[in-house]
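*Asks:* Dropping a structure here in structure tokens format, bear with me for questions.
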Protein chains: 4
Amino acid sequence: MTDAMRALGAELRNWGRWGADDQRGTTNLITPEKVVAAAGAIRTGKVFDLGIPLDADGPQTGHFRSNPRRFMSRTGQERELPGGGRGADDWVVMPLQAGTQWDALSHMFYDDHLYNGYPAAAHVTALGATRNAIQHQAKGIAGRGVLLDIARLKGVDRLAAGTAITPADLDAACAEQGVTVGAGDVLLVRTGWWSVFAADGDRERFMDAEPGLSLECARWLHARDVAAVAADNWALEVLPAQQEGLTLPLHLVLLRDMGMTIGEMFDLDELAADCAADGTYEFFFTAPPLKFTGAVGSPLNPLAIK
Amino acid sequence: MTDAMRALGAELRNWGRWGADDQRGTTNLITPEKVVAAAGAIRTGKVFDLGIPLDADGPQTGHFRSNPRRFMSRTGQERELPGGGRGADDWVVMPLQAGTQWDALSHMFYDDHLYNGYPAAAHVTALGATRNAIQHQAKGIAGRGVLLDIARLKGVDRLAAGTAITPADLDAACAEQGVTVGAGDVLLVRTGWWSVFAADGDRERFMDAEPGLSLECARWLHARDVAAVAADNWALEVLPAQQEGLTLPLHLVLLRDMGMTIGEMFDLDELAADCAADGTYEFFFTAPPLKFTGAVGSPLNPLAIK
Amino acid sequence: MTDAMRALGAELRNWGRWGADDQRGTTNLITPEKVVAAAGAIRTGKVFDLGIPLDADGPQTGHFRSNPRRFMSRTGQERELPGGGRGADDWVVMPLQAGTQWDALSHMFYDDHLYNGYPAAAHVTALGATRNAIQHQAKGIAGRGVLLDIARLKGVDRLAAGTAITPADLDAACAEQGVTVGAGDVLLVRTGWWSVFAADGDRERFMDAEPGLSLECARWLHARDVAAVAADNWALEVLPAQQEGLTLPLHLVLLRDMGMTIGEMFDLDELAADCAADGTYEFFFTAPPLKFTGAVGSPLNPLAIK
Amino acid sequence: MTDAMRALGAELRNWGRWGADDQRGTTNLITPEKVVAAAGAIRTGKVFDLGIPLDADGPQTGHFRSNPRRFMSRTGQERELPGGGRGADDWVVMPLQAGTQWDALSHMFYDDHLYNGYPAAAHVTALGATRNAIQHQAKGIAGRGVLLDIARLKGVDRLAAGTAITPADLDAACAEQGVTVGAGDVLLVRTGWWSVFAADGDRERFMDAEPGLSLECARWLHARDVAAVAADNWALEVLPAQQEGLTLPLHLVLLRDMGMTIGEMFDLDELAADCAADGTYEFFFTAPPLKFTGAVGSPLNPLAIK
């Protein structure tokens, strides 16, 4: 850990801001008033589902995480129920972060502390996380969403791997799109990177380097009191990191210091096309995680409703 | 299968209503106009998450389905990443219908046909469902929700096992609560039965008999063009069935003939208390399933937003 | 940990006996000469398989461990392969100690040390065991087996729960059966307790208290240089422990101090009946664990060959 | 299915040979007398374990089957048990045919019939196999084993992919090695192909084409009344098949017509080196599958004892 990283973490740290017992972090910024105001963004009734398909043909390479495997425990062919009906059931085995997902605030940490000062070794064990687990976000992520389409801003289908999105890029996108990002908003950032897998089918390339937010964007998000942030790549931030020797530094500052939940592998293409067509980049956004007790992440199918 | 059941199925059958290729059924009734109108139900900004916790201590007894098992594939203690960060990850093994869930239209069937006339044996195999699988509902379930609190109507904490909720009960609840149920609405029915597990911790009793909708409610739902229906028990319908010798007849008519998606184990208690307090039983409702390709059901965490 | 326990552990400790790098413990006692000698016990060609069935109807209650769940990933009905053949495949999800199994020497420990002095926290993590894992026994467990049938010795179908088998009982069984237990032998102890599940179908009772070896038997096993020990109950040792406040003390001394692998849920009934019939309680015994890298236990199907 | 294939199946068919109810097939040929005679092959006490490691780094590519995933359900660090001990446990998720394994007689079939004439669609469903499942081999596979080292015969480290081993090759190996293969023997065939994964680490190549037994070897195995056959590749037989348009024809004839259990991915290298050194290619062989009820295959760790 570099001195600069530790200094940035200390500068942006939200520990104690929502109480010594808080386990939610910045999603606390989505107040009831914000939810009511966000409802005004529902104008056309169009619904966009941002989850990627969950199946054995997903983007995971198997080196780190695997794709979901689903099994039929019955198909209905093996027996007829009394009365003549038949039923089918299935099971799944999957990493909770294999697809479209939220990182819990317990997903990453450094110096043995989680968000809000909880000791990590004591609270993240083989049994799961007893602090900052994903179920604490179960009702907290519904409100105003804003899309910033950086690929479109740059005039490309997708940003190149290793491209760092800067605070200036975020400002430029706001200006170009005529939208503001404010307190309690959920920010969705489109890099176009999802197409490496979705269009090209190239898992290895998708999972290797990627374009994404630079570490300095943490200040931008903090200054605007953003509630949560997500992107269409697999790690939100630029890979490899610009800071030599660091691994996922933006994750560490957002999750551990700011208490900001991170969303990954959100499919933003259909939504972005619609936003470009009607010039409206805000929407009502609901993205509750599943309530896996003690989990450090959760798959979900987020909805943007315009 | 009785003649009466087959006659009821034929009477309420929606096959072809939304085209020969439709795989969504009654959620087609949630039109963009309905979504926009439903946004008006967001008045206070209160968010209610209706999903039950997903963990090894859930309501499943293991006889039929098991509770989710989650494993940490790493805790962060086993190694430090370059730069000093640490990360935790987890996996889950679970039946897709172990908790709060939607039944896909391929979940139950009879006479070898699924909703919209698809042959069942050909389309539901060990690989999954190639028609009417859950991913077809991925963007379809967001709109107006209405709660009918039958336990409160009857003045009890919970209805007794085996209690059949009738169309007259549904009408009485509408009148008592001052709410109407119309085209494109998602209906949530509260029986109080969830408390058998949640308060008493009695899995065996919760999963044995239960109060729920009678078979005749299918006509009531059909007449009003309800988009989807869910309850706080584990099978929506009364158990045992009133029709001797039949197994889950309401499932068969709703899923297979009407094409109506069924929700189970929705935790409605907190929402119901709020509705009783402010007298408002409608809300904005978002309940997208996860996009498990080919699945016959999906867990989710539905939100009611008032 | 009591002083008495620590003293017993120190007295029987085999650390360093087979080298500072050893990860096998007492199975080192099965030398090639012992294997050749054991072959002489094959006289009739009768083969006894001691593994219990592995399926969802097994003895696990789900509180601690669950029974195996097997899924068909294909049945052959979903498609014909080129040329007209069809194939079926299956997957399993299971705790490695759900059925007949060996405990690895990394399964239990105290004072942060494993057998042979390896630090436990450093070597048993969420990734598995990097010392004393089960694969180190992969070729080591084949040789002479001896059955001591304590239930038969006492003239009962099964010993009562809580019955402690003493060194004197083991000696009496040797005398009664006309058999000796010596260096490099694998000892199988029959309590009759398996019938609580196998005959009565009572999982809860089977998994609650049980008859089994007393802690003092550790000295008896050590004095004879037994190579491994197994029984037909689920924990080898008497439950509850005779030493107030201790949990599985015999496990701790055998696995951690002596380096003796423990076998559990061996179905000994058919073998015992045959031994009683012909008066021969020795046999050739092969019981290799599966080679799960880093695992703290393994299911297996042991064979006794007479 | 070609006429020639159907004719070969009819010629070698063993249906009814061991009774109309038999579910074991050719392992019936290992009589008690054969077991006793085989014990004579234990001369030096050397034990060779033929199972491959079971972990996430195994030979499966994930296209068809995946490698085993093991999870720690506890490491012992999360809590101290009463008395001061600590315990670790693990679970596994795996295809039953991911590593060293036996194919059950229900694994492959054609013309809707399994070995011994059982209808396939009725007996192999999403619940598993109700005829010819692997548990019927639980006690049947222990006796004389013979290794035929075809790679060594041909003077190569490994045969090339697509190389068909002929009956003449098998005869030549017997002559060269000074060994006979007779009734009730288990035949192990070494192609050297395992080194493509074990030495080169090339999963894709290992799982693509392979050297192996030609279809005509079925007659050779039948004529000698071999009890079971296994090899060090992943499918026993040569791939691609020599018969245009057929998929795994030797599997179909052995499993479905002859009732002969097939072993795959047996690691024969250490055993082969020893056999070459002492000129003795026979041994005592124990290879019981795990008793997975209804399974179409099972992992195992076979032992060859010389």
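The values are calculated or read from the model by the stated rules, or taken from the named source; none is laboratory data. On a predicted model such as this, the values are computed, not experimentally measured, just so you know. Here the Cβ positions follow ideal geometry from the backbone for every residue, glycine too, while neighbour counts run over all protein chains shown. These accessible areas exclude ligands, DNA and RNA; they are computed on the full protein's heavy atoms, side chains included. Shrake-Rupley method; radii C 1.70, N 1.55, O 1.52, S 1.80 Å.
*Asks:* Which numbered condition in (1) touching a residue at least 60 places away in the same chain (Cβ under 8 Å); (2) touching a strand residue (DSSP E or B) at 6+ places or on another chain (Cβ under 7 Å); (3) more than 17 Å from D:Val253 (Cα to Cα) is the only one that D:Gln60 fails?
*Replies:* D:Gln60 satisfies all of (1) touching a residue at least 60 places away in the same chain (Cβ under 8 Å); (2) touching a strand residue (DSSP E or B) at 6+ places or on another chain (Cβ under 7 Å); (3) more than 17 Å from D:Val253 (Cα to Cα) except (2).
*Asks:* Inspect the range A:169-178 for any residue being part of a loop (DSSP other than H, G, I, E, B) and either touching a residue at least 24 places away in the same chain (Cβ under 8 Å) or open to solvent by 50 Å² or more (accessible area, probe 1.4 Å) (or both) and give the result as yes or no.
*Replies:* Yes, because at least one residue in the range A:169-178 is part of a loop (DSSP other than H, G, I, E, B) and either touching a residue at least 24 places away in the same chain (Cβ under 8 Å) or open to solvent by 50 Å² or more (accessible area, probe 1.4 Å) (or both).
*Asks:* If a residue must be open to solvent by 40 Å² or more (accessible area, probe 1.4 Å), closer than 14 Å to D:Ile165 by Cα and in contact with a Phe, Trp or Tyr (Cβ under 9 Å, 6 or more places away or on another chain), how many such residues does the range D:205-250 contain?
*Replies:* 0
*Asks:* Now for a different question. With the requirement that a residue be more than 11 Å from chain B (Cβ to nearest Cβ) and surrounded by fewer than 17 Cβ atoms within 10 Å (Cβ to Cβ), what does the range A:2-27 give you?
*Replies:* Selection gives A:Asp3, A:Ala4, A:Ala7, A:Ala10, A:Glu11, A:Gly16, A:Arg17, A:Gly19, A:Ala20, A:Asp21.
*Asks:* Determine the pairs where a residue that is more than 9 Å from chain D (Cβ to nearest Cβ), located within the range C:101-115, has a partner that is open to solvent by 10 Å² or more (accessible area, probe 1.4 Å) and aromatic (Phe, Trp, Tyr) with Cβ atoms under 9 Å apart, the partner being 6 or more residues away or on another chain.
*Replies:* If the second residue must be open to solvent by 10 Å² or more (accessible area, probe 1.4 Å) and aromatic (Phe, Trp, Tyr), the pairs left are C:His113/C:Trp15; C:Tyr115/C:Trp15.
*Asks:* Another question, then. Looking at the structure I just gave you, is D:Ile30 in contact with a strand residue (DSSP E or B) (Cβ under 8 Å, 6 or more places away or on another chain) and more than 7 Å from every other protein chain (Cβ to nearest Cβ)?
*Replies:* Spelling it out, D:Ile30 is indeed in contact with a strand residue (DSSP E or B) (Cβ under 8 Å, 6 or more places away or on another chain) and more than 7 Å from every other protein chain (Cβ to nearest Cβ).
*Asks:* Could I ask something else about it? Keeping to the range C:179-192, report how many residues are under 30 Å from C:Gln60 (Cβ atoms) and open to solvent by 40 Å² or more (accessible area, probe 1.4 Å).
*Replies:* 0
*Asks:* So in the range D:113-139, with the set limited to residues that are among the β-branched types (Val, Ile, Thr) and not in a helix (DSSP H, G or I), which one is least open to solvent (accessible area, probe 1.4 Å)?
*Replies:* Initially, the range D:113-139 is screened for residues among the β-branched types (Val, Ile, Thr), giving D:124-125, D:130, D:134.
From what is left, the residues that are not in a helix (DSSP H, G or I) are D:124-125, D:130.
Working: D:Val124: 1, D:Thr125: 28, D:Thr130: 84 Å².
Of everything passing the filter in the range D:113-139, D:Val124 is least open to solvent (accessible area, probe 1.4 Å).
*Asks:* Which residue pairs have Cβ atoms closer than 6 Å, lie 6 or more positions apart in sequence or on different chains, and pair a first residue in the range C:290-306 that is over 15 Å from C:Gln97 (Cβ atoms) with a second residue that is open to solvent by less than 10 Å² (accessible area, probe 1.4 Å) and of a type in the set (Ser, Thr, Tyr)?
*Replies:* C:Leu303/C:Thr286; C:Leu303/D:Thr286
*Asks:* Out of C:Pro95, C:Pro119, I need the residue that is farther than 26 Å from B:Arg70 by Cα and not aliphatic (A, V, I, L, M). Which one?
*Replies:* Numbers: C:Pro95 fails: farther than 26 Å from B:Arg70 by Cα.
After ruling out the rest, the residue left standing is C:Pro119.
*Asks:* Of all residues in the range B:129-180, how many are over 20 Å from the mean Cα position of the chain (by Cα) and on the phi > 0 side of the Ramachandran plot?
*Replies:* 2
*Asks:* Tell me yes or no: at least one residue of the range A:76-89 is under 30 Å from A:Val253 (Cα atoms) and either crowded, with 19+ Cβ neighbours inside 10 Å or in contact (Cβ under 8 Å) with a residue 60 or more places away in the chain (or both).
*Replies:* No: zero hits.
This table checks each residue for (1) within 12 Å of chain A (Cβ to nearest Cβ); (2) among the charged types (D, E, K, R); (3) closer than 24 Å to A:Ile141 by Cβ.
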position	(1), (2), (3)
B:Leu213	no, no, no
B:Trp234	no, no, no
B:Val238	no, no, no
B:Glu244	yes, yes, no
B:Phe283	yes, no, yes
B:Thr286	yes, no, yes
B:Lys306	yes, yes, yes
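*Asks:* Restricting attention to the range D:139-148, does a residue exist that is among the hydrophobic types (A, V, I, L, M, F, W, C), within 10 Å of another protein chain (Cβ to nearest Cβ) and touching a residue at least 12 places away in the same chain (Cβ under 8 Å)?
*Replies:* Kept after step one, since they are among the hydrophobic types (A, V, I, L, M, F, W, C), are these residues of the range D:139-148: D:141-142, D:146-148.
Okay, now just the ones that are also within 10 Å of another protein chain (Cβ to nearest Cβ), so D:141-142.
Remaining after also requiring touching a residue at least 12 places away in the same chain (Cβ under 8 Å): D:141-142.
Yes: the range D:139-148 contains one or more residues that are among the hydrophobic types (A, V, I, L, M, F, W, C), within 10 Å of another protein chain (Cβ to nearest Cβ) and touching a residue at least 12 places away in the same chain (Cβ under 8 Å).
*Asks:* On to the next question. Being open to solvent by less than 10 Å² (accessible area, probe 1.4 Å) and closer than 30 Å to D:Thr75 by Cα is the filter; apply it to the range C:262-281 and report the residue that is farthest from the other protein chains (Cβ to nearest Cβ).
*Replies:* Once the filter is applied, the top-ranked residue is C:Gly263.
*Asks:* Given the options A:Asp21, A:Asp3, A:Asp55, name the one that is within 29 Å of A:Phe266 (Cα to Cα) and among the acidic types (Asp, Glu).
*Replies:* Working: A:Asp21 fails: within 29 Å of A:Phe266 (Cα to Cα); A:Asp3 fails: within 29 Å of A:Phe266 (Cα to Cα).
Only one candidate qualifies: A:Asp55.
*Asks:* Now, a different point. Could you list, in sequence order, the residues of the range B:148-165 that are part of a loop (DSSP other than H, G, I, E, B), open to solvent by 30 Å² or more (accessible area, probe 1.4 Å) and touching a helix residue (DSSP H, G or I) at 6+ places or on another chain (Cβ under 7 Å)?
*Replies:* Scanning the range B:148-165 gives B:Asp157, B:Arg158.
*Asks:* With respect to the numbered conditions (1) within 25 Å of A:Ala241 (Cβ to Cβ); (2) surrounded by 24 or more Cβ atoms within 10 Å (Cβ to Cβ), which one is the sole condition not fulfilled by A:Gly145?
*Replies:* (1)
*Asks:* For residues that are on the phi > 0 side of the Ramachandran plot and either of a type in the set (Asp, Glu) or open to solvent by 20 Å² or more (accessible area, probe 1.4 Å) (or both), tally how many sit in the range B:29-75. So that I can check it myself, show each step before the final result.
*Replies:* Taking the range B:29-75 as the starting set, the residues that turn out to be on the phi > 0 side of the Ramachandran plot are B:45, B:62.
So of that shortlist, the ones also either of a type in the set (Asp, Glu) or open to solvent by 20 Å² or more (accessible area, probe 1.4 Å) (or both) come out as B:62.
Summing the residues that are on the phi > 0 side of the Ramachandran plot and either of a type in the set (Asp, Glu) or open to solvent by 20 Å² or more (accessible area, probe 1.4 Å) (or both) in the range B:29-75 gives 1.
*Asks:* Whether any residue in the range C:247-262 is free of Cβ contacts under 8 Å to residues at least 24 places away in the same chain and out of contact with any strand residue (DSSP E or B) (no Cβ under 7 Å at 6 or more places or on another chain) is what I want to check.
*Replies:* no
*Asks:* Continuing with the same structure: How many of the residues making up the range B:193-204 are open to solvent by less than 10 Å² (accessible area, probe 1.4 Å) and more than 15 Å from the chain's Cα centre (by Cα)?
*Replies:* Total satisfying the criteria: 1.
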